[in-house]
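Report on the structure given below.
The values are calculated or read from the model by the stated rules, or taken from the named source; none is laboratory data. Everything quoted here is computed from the prediction, not taken from an experiment. Here the Cβ positions follow ideal geometry from the backbone for every residue, glycine too, while neighbour counts run over all protein chains shown. Ligands, DNA and RNA are excluded from the accessible area calculation, which covers all protein heavy atoms including side chains. Shrake-Rupley method; radii C 1.70, N 1.55, O 1.52, S 1.80 Å.
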Amino acid sequence: MLSTVLSFGLVGIDGFPVTVEVNLSGGLPVFELVGLPDAAVRESRERVRAAMKNSGFGFPDDRLIVNLAPADMKKEGPAFDLAIAVGVAASMGLVSSEALKDIAILGELSLDGSVRPVRGALPMTISAREAGVRRIALPEGNAREAACVEGIGIYPFSSLKQLIGFLRSTLDVPPVEPVEYRKLLGARASSSDFKYVKGQKFAKRALEIAAAGGHNALLIGTPGSGKTLLARAVPTILPDMSFEEALEATRIHSAAGYPPESGLLTERPFRSPHHTASPAAIVGGGATALPGEISRAHHGVLFLDELPEYRRDVLEVLRQPMEDGVVTITRVGAQATYPAQFMLICSMNPCPCGNYGSRTAQCRCTPHQIRQYLNKISGPLLDRIDLHIEVESIPADELASQGTEEESAAVRARVEAARSVQRARYEGQGIACNARLDARTLGPNCPMTQEAKKLLRDASEAMGFSNRAYTRVVKVARTIADLAGRGEIEQAHIAEAVQYRALDRKYWH
């Protein structure tokens, strides 16, 4: 007897339909699994056999052939266990073919018949809905992350026996109630807030601009000056993610195997990989081309502390994703494209000892050591960082003062106002913020006064800006104008934007 069950596989952050065909016929007892399965899928034979016997359904002693179609796409992971078991049950006459219409099934089986959560349930659920599937059966552990998908019934199950009972209409399992995204949003609980950072008005202003326009920023200063504290406070001034942004970011985390406990990301990601991370860990890779840190920081912040300590090849792989906002990972057995629109926040000391340029401590490094240290950051990478921010140590009397600092909530209100202006300006253009402007959209969206044009031209000639640095200054000036509520970029906006490129000349000449 032939039975078919619909399931879904995963490529990158997109699911693809897989038809599980199960044929039970007379002959010597055999259980063959075909359709380009990987090792985890091939091992499902033993999991399915044990799960069905321990669930009280028995297992046929006939010739059993399971095909995963399409046969030319590699099938990976244990997510097909549950669909294979249901297909075997249908071939045994335990489940009718009518019950398997308009339902997709995915989940990993334990030997006792219980169902375990799988990687990528959210993107597979979204793909099932887009394919016109009306219902999907998945593990209880994946129900929370899939509950945000509208237009498809989400049915969670804890065991194979429970699912078979549901398909035979002997057990009633209600679908998961859809979760409204705004109900998941709550007060931000973070120990990193601008109110805990004493002084540093220049750095705070620069990071406010970076957050308002989605710009990359480099913090450079002496050890203990507050660079890391400032960087970790950046997520607290970023605006809330829209539902579409949260859904896209959660798809990446689900595909990586790290779905959030709340089911849907409600706060912008903040990723801070150690400086020993490999290029594959940063951009993604491995045998199955899993997403890396830059994709897991999508719509959030990627923080690289002690930037010169990272390997040169790790830093250079950032250049293309910073420009394109996506990264394509190609391996022998897999290829995937992941979104990677992140804010890059970096911090570094100006020299190996950290005191070069300090007003309170003497540097003990030689000029050669300083130059060698700074040259670990290549010119092309530095060019892609919009704001270069110098962070100076705060005097002890200012640190001991009882004065109050502005809270992140107040800064975030200004950032959200600037972002709302940008959303209205770029509606229908596929641009999220000023940092994503390209050569085609830069001119029409960045009108300047004659005085501003002259100042930008003079500064560009005097400071030797590259074409990329020139456009980055314009984008930063556009954000400054948005914060000021101006439709046209003025001379003062250009002047402030230019000063955030001054460290090029001070440290890298």
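Among the residues of region 301-324 satisfying the criterion of being of a type outside the set (D, E, K, R), farther than 27 Å from residue 222 by Cβ and touching a helix residue (DSSP H, G or I) at 6+ places or on another chain (Cβ under 7 Å), which is surrounded by the most Cβ atoms within 10 Å (Cβ to Cβ)? Ranking the qualifying residues of region 301-324, first place goes to 321.
Would you be able to say whether some residue in region 18-27 is modelled with pLDDT of 95 or more, within 27 Å of residue 156 (Cβ to Cβ) and open to solvent by 40 Å² or more (accessible area, probe 1.4 Å)? Yes, region 18-27 has at least one match. Taking region 487-509 as the range and being surrounded by 15 or more Cβ atoms within 10 Å (Cβ to Cβ) and outside any helix (DSSP H, G or I) as the test, the residues that pass are 489, 490, 500, 501.
Checking the structure you have, find out if any residue of region 254-263 is surrounded by fewer than 20 Cβ atoms within 10 Å (Cβ to Cβ), modelled with pLDDT under 95 and among the charged types (D, E, K, R). Yes, region 254-263 contains a residue that is surrounded by fewer than 20 Cβ atoms within 10 Å (Cβ to Cβ), modelled with pLDDT under 95 and among the charged types (D, E, K, R).
Every residue, every condition in (1) hydroxyl-bearing (Ser, Thr, Tyr); (2) farther than 18 Å from residue 173 by Cα; (3) modelled with pLDDT of 95 or more; (4) buried (at least 19 other Cβ atoms within 10 Å of the Cβ), yes or no:
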{"residue": "115", "(1), (2), (3), (4)": "no, no, yes, yes"}
{"residue": "122", "(1), (2), (3), (4)": "no, yes, no, yes"}
{"residue": "132", "(1), (2), (3), (4)": "no, yes, no, no"}
{"residue": "144", "(1), (2), (3), (4)": "no, no, no, yes"}
{"residue": "147", "(1), (2), (3), (4)": "no, no, no, yes"}
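For region 163-177, filtering for residues that are surrounded by 14 or more Cβ atoms within 10 Å (Cβ to Cβ) and farther than 21 Å from residue 51 by Cα leaves 2. For region 224-237, name all the residues that are at pLDDT below 90 and not hydroxyl-bearing (Ser, Thr, Tyr). Passing the criteria: 224, 226. Only one of the numbered conditions (1) open to solvent by less than 50 Å² (accessible area, probe 1.4 Å); (2) within 13 Å of residue 387 (Cα to Cα) is violated by residue 470, and that is (1). Tallying residues that are closer than 21 Å to residue 360 by Cα and assigned to a loop (DSSP other than H, G, I, E, B) within region 222-245 yields 5. In the set 394, 377, 385, 389, only one residue is modelled with pLDDT under 90 and under 35 Å from the mean Cα position of the chain (by Cα); that residue is 394.
Regarding residue 250, is this residue closer than 30 Å to residue 39 by Cβ and surrounded by 22 or more Cβ atoms within 10 Å (Cβ to Cβ)? Yes: the conditions hold for residue 250.
Residues of region 96-108 that are in contact with a Leu (Cβ under 6 Å, 6 or more places away or on another chain) and either surrounded by 22 or more Cβ atoms within 10 Å (Cβ to Cβ) or part of a strand (DSSP E or B) (or both): 104, 105, 106, 107. Looking only at residues in region 278-290 that are within 17 Å of the chain's Cα centre (by Cα) and of a type in the set (A, V, I, L, M, F, W, C), the one that is farthest from residue 333 (Cα to Cα) is 282. Being part of a loop (DSSP other than H, G, I, E, B), touching a helix residue (DSSP H, G or I) at 6+ places or on another chain (Cβ under 7 Å) and more than 25 Å from residue 169 (Cβ to Cβ) is the filter here, so list the residues in region 71-95 that pass it. Across region 71-95, the qualifying residues are 76, 77, 78. Do we find that residue 103 is closer than 27 Å to residue 24 by Cβ and among the β-branched types (Val, Ile, Thr) in this structure? Here the answer is yes, as residue 103 does meet what is asked.
Can you find even one residue in region 157-180 that is touching a Pro at 6+ places or on another chain (Cβ under 8 Å) and assigned to a strand (DSSP E or B)? Taking every residue of region 157-180 in turn, at least one turns out to be touching a Pro at 6+ places or on another chain (Cβ under 8 Å) and assigned to a strand (DSSP E or B).
Would you confirm, using the coordinates I've provided, whether residue 281 is outside any helix (DSSP H, G or I), at pLDDT 90 or above and hydrophobic (A, V, I, L, M, F, W, C)? So residue 281 fails the test. Of 160, 184, all but one fail to be open to solvent by 20 Å² or more (accessible area, probe 1.4 Å) and not β-branched (Val, Ile, Thr); the exception is 184. Identification of helices (runs of 4 or more DSSP H) wholly contained in region 330-449 with 2 or more residues that are of a type in the set (Gly, Ala, Ser), open to solvent by 50 Å² or more (accessible area, probe 1.4 Å) and without any contact (Cβ under 8 Å) to a residue 12 or more places away in the chain yields 408-425.
Could we say that residue 41 is within 30 Å of residue 247 (Cα to Cα), open to solvent by less than 20 Å² (accessible area, probe 1.4 Å) and at pLDDT 95 or above here? It is false that residue 41 is within 30 Å of residue 247 (Cα to Cα), open to solvent by less than 20 Å² (accessible area, probe 1.4 Å) and at pLDDT 95 or above.
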